[in-house]
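The values are calculated or read from the model by the stated rules, or taken from the named source; none is laboratory data. Owing to the predicted nature of the structure, the values given are computational and were not obtained by experimental measurement. No Cβ is skipped: glycine too gets one built from the backbone with ideal geometry, and neighbour counts run over all protein chains shown. The protein model used for the area step is the full one, side chains on, heavy atoms only, and it has no ligands, DNA or RNA in it. Shrake-Rupley method; radii C 1.70, N 1.55, O 1.52, S 1.80 Å.
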Amino acid sequence: MGSPAGCQGGPGPAMLLARSFLNLISPTWFWSLIQNDFKTGDIDLEGCMRLLEKMQIPFDEAHVTHIFKKTVDKHSGQRISMEDFKAIYRAIVHRSEFQELFRAYSPDGKILPDSQLIKFLVKEQFHTEATETTAFELISKYEPIDEVRKKKQMSFEGFVRYMNSEECSIFKIQHKTIYQDMNHPLCDYFISSSHNTYLISDQLRGPSHLWGYTSALLKGCRCLEIDCWDGSNNEPIVYHGHTLTSKIPFRSVIHVIDKYAFMSSAYPLVLSLENHCSPKQQEVMAECLKSILGDKLLTSPIGGETEMTRLPSPEALKFKVLIKNKKIGTLEEGMLRTDDETGAETLADTVADPEDLSDSMSDDDSEETAVLYQSRSPSKRRGDRRSTSSPLPKKSKVKKQKIAIALSDLVVYTKSSKFVSFEHSMENQKCYENNSIGEAKARKFVKNSAKEFISHTTRFITRIYPRGSRMTSSNYFPQEFWNVGCQMVALNFQTPGTQMELQDGKFLDNGGCGYILKPEFLRDRNTTFTPKNVGAYSKPMSLSVRLISGHQLPPSSLTKTNKADPLVQIEIYGVPEDQVKKKSSVVKSNALCPKWNETFSFNIQVPELAMIRFCVEDEVSLAHNEFLGQYTLPVLSLNTGYRNIPLLTKDGVKIESASLFAHVWYY
């Protein structure tokens, strides 16, 4: 039989490897698994893949097809024998890097007693508290051979399954559950936030679709954006206004949100309304929200408290939907209106800043001026007053938007408030008032006023949104805004790329619940931290990553076989001082089992904010690489020891068979 293509290191290495493992498989165990499939004779390619699936072996069809073809070419047929299948199984499953580790701790190269498994866990995996109980649990879970398992031992088959398991993932298993304190005020958390959630393509001609909301919620997103416009038959619609994007009914959006709101996370969901509707249709919106969401909708402060100095916590707001919109007057005035209808005469005006008119139409920085609207009786309306203290420039056409009381009163802890300046916010802003700031203006603040920006975000929820000129719904890099404590860094979830990979990676943490507790230095109102001057807040980490190998990497799109010329980029994102990118060598013509054995070292000043990204590429030419897969996670979620690194597609879908293998160590 010829050598399965792709494995490097001399003539027929996969076959030599397979033979070296001949005694590591219990013949009785292996035969019992496959004998039924060979009762009627040899099997074809489809039968081979079906048998691997039955054995729960993840595989890439291109790799199995190529190895199968090499096998049948040897004897000029289209089917393989049991011995052929055994060799294919070993070529896919048995890896030399795992063999070396196993033999280092196995007394005879065949069996790992529980005592030796404990030594491996302590010394290599840094599982310092491993006991006999730990070893037995792993053996019970991963050892497939009955007679070996009963002796509290682990065969190489069990060891391979353990090394490929979630327990050996590079992502800390403890961080896959909610482990952070969820009792801080809302402003103390990074909150997974989506921009133009209704879009599934570009923001000029792309379709609006309910799937945008479903997919974002299933990813744990906790702040959705809804662009609301007047529709026919007094039914509000959702779409990107003044564009050719399609339209969906507001009512349908709320039904989808009601269904999926808390499927991936129990913590509060914020609906950020970009409200362009007439008062009449705003009342329809309010009715929809109340009738469809029911008890999920937060309509009054917790415990009736209206004079607040601190926002409630995610824990206190579990299973609640919050409305983020303009609100007229204070929380107390809203409560008075609820208790006493005469309070409905309260009015307020705000004036739009002409400088913001050219930016994205956000829920706050828009051309629209908010005035209260009460539909019960014409005598209650006074919506046409203009502030004489703040006259508008003659050339600025500012349209006043009347706000229906019914919708205004649904806004509790997330009142959209016009951002004027950091000084103005410090003197006038209430803790329940939130700001939305366009990326361009926010970037200037990061550059020129980072200290004031951080002081602001320790107190108030701040939402960053992409500039309106991003017609293809491209994204900015979120890291620079996380670095200054911005809570709602809103991205176009429908647009793949490194920006969304950072977003997805960051919010893998804390059980994927959509809320990540900010580092203490971004919560302390007296902090002196800034991204460019970390000072005493630096807790340097020395990180070492030995990139050992890859396994069943996606083949290049340019090849008709299972080949690629893979390389790995390892990138750190964080404060400016920590930003770095390092690149491995290229392994030629090998996507099945490339070996690197290269060590990369990083010195990270602020690990609490740092992200690490592993990106596998195919070197198409010296000037162009093709993306094959990536995995991004917070640096503080890194597991130490020998770890497998799963790979995701551009769309964030796990590639079941593909992975990297590395040794991670830090202090």
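Where does each of THR530, THR649 land when they are ordered by accessible area, with a 1.4 Å probe and the largest first? Spell out each step's value before the answer.
Numbers: THR530 25, THR649 45 Å².
So the residues, ranked largest to smallest area, are THR649, THR530.
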Legend entry - Stokes-Einstein D for the chain, Kirkwood Rh over Cα pairs, 25 °C, 0.890 mPa s (µm²/s): 88 µm²/s
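So what is the relative contact order for the stretch 130-176, in percent, with contacts set as C-alpha pairs under 8 Å and at least six apart? Can you show the working numbers first?
Values: 28 pairs, mean separation 13.1, N = 47.
Contact order relative to length: 28 percent.
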Inset, instruction - Please name whichever of PHE30, ASN533, GLY329 sits farthest to the positive end of the charge dipole of the chain, dipole taken about the Cα centre and charges placed at Cβ: Lys and Arg +1, Asp and Glu -1. - result: ASN533
Legend entry - Accessible-area order (highest first, 1.4 angstrom probe) of the listed residues ASP181, ASP509: ASP181, ASP509
Inset, instruction - Please work out the average accessible area per residue across the chain, using the 1.4 Å probe convention, and give it in Å². - result: 42 Å²
Inset, instruction - With all protein chains present, calculate the accessible area of LYS74 using a 1.4 Å probe and round the result to the nearest 10 Å². - result: 130 Å²
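Give, in nm to one decimal, the length gained when the segment between MET426 and ARG103 is fully stretched (0.36 nm per residue of separation minus the Cα-Cα distance). Intermediate results must be reported in sequence, preceding the final value.
Working: separation 323, 0.36 × 323 = 116.28 nm, distance 6.40 nm.
That pair, MET426 and ARG103, stretches by 109.9 nm at full extension.
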Inset, instruction - Could you state the angle between the C-alpha long axis of helix 114-123 and the longest principal axis of the C-alpha atoms of the chain, as a value from 0 to 90 degrees rounded to the nearest 10? - result: 50 degrees
Inset, instruction - Would you mind checking the tilt of helix 132-142 against the longest principal axis of the Cα atoms of the chain, expressed as 0 to 90 degrees and rounded to 10? - result: 90 degrees
Inset, instruction - Express in whole angstrom the spacing between the alpha-carbon centres of the stretch 52-90 and the stretch 510-577. - result: 37 Å
Legend entry - Pairwise centroid distance, computed over Cα atoms, of the stretch 152-181 with the stretch 427-470, Å: 40 Å
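For the stretch 119-248, what is one quarter of the convex hull surface built on the Cα atoms, given in nm²?
Numbers: hull surface 56.6 nm².
Over all viewing directions, the stretch 119-248 projects a mean Cα-hull area of 14.2 nm².
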Legend entry - Charge dipole (the chain, unit charges on Cβ, about Cα centre) - positive-most of LEU186, GLN282, PRO249: PRO249
Legend entry - Simple label model, 7 Å out from Cα along Cβ direction - SER544 to LYS581, nm: 2.7 nm
Legend entry - Isotropically averaged projected area of the stretch 147-193, using the convex hull of Cα atoms (one quarter of hull area), nm²: 5.7 nm²
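Mind running the shape call on the stretch 224-342? Use the C-alpha gyration tensor, a ≥ b ≥ c as the square roots of the eigenvalues: rounded below 1.5 for a/c, prolate if a/b tops b/c, oblate otherwise.
oblate
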Inset, instruction - Give, to the nearest whole percent, the P(r) tail of the stretch 182-276 beyond 17 angstrom, counting all Cα pairs. - result: 49 percent
Inset, instruction - Would you kindly state how much longer the chain becomes between LEU33 and GLU147 on full extension, computed as 0.36 nm times their sequence separation minus their alpha carbon distance, in nm to one decimal? - result: 39.6 nm
Legend entry - Global size of the stretch 400-475 as Cα Rg and Dmax, reported in angstrom: 14.3, 41
Legend entry - Label point distance in nm, THR131-SER278, each placed 7 Å from Cα along Cα→Cβ: 7.2 nm
Inset, instruction - Go ahead and collect, in residue order, the members of the stretch 417-443 whose backbone nitrogen is under 15 Å from a label point 7 Å along the Cα-Cβ direction of ARG310. - result: 431-432
Inset, instruction - Using only the alpha carbons of the stretch 50-204, determine the length spanned along each of the three principal axes and report them from longest to shortest in whole angstroms. - result: 66, 53, 24
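Heavy atoms only, probe 1.4 Å: what % of the accessible area of the chain goes to carbon and sulfur, would you let me know? Don't skip to the answer; put the middle values down first.
Numbers: 14050 of 27850 Å².
About 50 percent, which is the carbon plus sulfur part of the accessible surface.
Can you tell me, using C-alpha contacts under 8 Å and at least 6 residues apart, the relative contact order of the chain as a whole percent? Please list the in-between numbers first.
Numbers: 1367 pairs, mean separation 89.8, N = 667.
The normalised contact order for the chain reaches 13 percent.
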Inset, instruction - Just need log10 I(q)/I(0) for the stretch 548-601 at q = 0.14, 0.28 Å⁻¹, Debye formula, equal scatterers on the alpha-carbon atoms, no solvent, rounded to two decimals. - result: -0.45, -1.05
Inset, instruction - Give the distance, in whole Å, between the Cα centre of the stretch 406-426 and the Cα centre of the stretch 299-337. - result: 12 Å
Inset, instruction - May I ask you to derive the relative contact order of the stretch 32-127, considering only C-alpha pairs under 8 Å and at least 6 residues apart, and to give it as an integer percent? - result: 22 percent
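Suppose R0 equals 25 Å; then what is the FRET efficiency for SER621 and SER469 from their Cβ-Cβ distance, rounded to the nearest 0.05? Working shown, then result.
Working: r = 32 Å, r/R0 = 1.28.
Efficiency, rounded to the nearest 0.05: 0.20.
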Inset, instruction - Between GLN174 and GLN569, take the C-beta separation as r, use R0 = 25 Å, and let me know the FRET efficiency to the nearest 0.05. - result: 0.35
Legend entry - Positive-end extreme of charge dipole, the chain - chosen from SER473, ILE237, THR71 (charges on Cβ): THR71
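Work out, step by step, the length gained on full extension between GLU656 and GLU166: first 0.36 nm times the residue separation, then minus their alpha carbon distance; give nm to one decimal. Before the final figure, lay out each step's value.
Working: separation 490, 0.36 × 490 = 176.40 nm, distance 1.23 nm.
Fully extending the segment from GLU656 to GLU166 adds 175.2 nm.
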Inset, instruction - Might you work out the accessible area of LEU558 for me, using a 1.4 Å probe with all protein chains in place, and round it to the nearest 10 Å²? - result: 130 Å²
Inset, instruction - Could you pull the accessible area for GLU100 with a 1.4 Å probe, rounded to 10 Å²? - result: 130 Å²
Legend entry - 17 Å tail of the calculated P(r), the stretch 192-239, as % of Cα pairs: 36 percent
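Please state, to two decimals, what the Cα-based radius of gyration of the stretch 610-667 comes to when divided by 2.2 N^0.38 Å (N = residues). Intermediate results must be reported in sequence, preceding the final value.
Details: Rg = 12.8 Å, N = 58, 2.2 N^0.38 = 10.3 Å.
Ratio of Rg to 2.2 N^0.38 Å for the stretch 610-667: 1.24.
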Inset, instruction - Would you mind giving the average projected area, over all directions, of the Cα convex hull of the stretch 435-532 in nm² with one decimal? - result: 6.3 nm²
Legend entry - Where LYS441, LYS54 fall by accessible area, highest first, once all protein chains stay in place (1.4 Å): LYS54, LYS441
Inset, instruction - Assuming R0 = 22 Å, can you tell me the calculated FRET efficiency for the pair GLU287 and LYS259, based on Cβ-Cβ distance, to the nearest 0.05? - result: 0.70
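Let me spell out the model: positive unit charges on the Cβ of Lys and Arg, negative unit charges on the Cβ of Asp and Glu, origin at the Cα centre of the stretch 487-570. What dipole size does that give, in debye rounded to 20?
On the way: 9 positive and 6 negative charges, 28 e Å.
I would put it at about 140 debye.
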Inset, instruction - Could you pull the Cα extents of the stretch 557-667 along its three principal axes, largest to smallest, in whole Å? - result: 45, 29, 29
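In debye to the nearest 20, how big a dipole does the chain give about its Cα centre with +1 on each Lys and Arg Cβ and -1 on each Asp and Glu Cβ?
Working: 81 positive and 80 negative charges, 131 e Å.
In total the dipole reaches around 620 debye.
Express in % the proportion of alpha carbon pairs of the stretch 501-626 at distances exceeding 16 Å.
On the way: 5440 of 7875 pairs.
The proportion of pairs with Cα distances above 16 Å equals 69 percent.
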Legend entry - Magnitude of the charge dipole, the stretch 110-266, Cβ model with Lys/Arg +1 and Asp/Glu -1, debye to 20: 360 debye
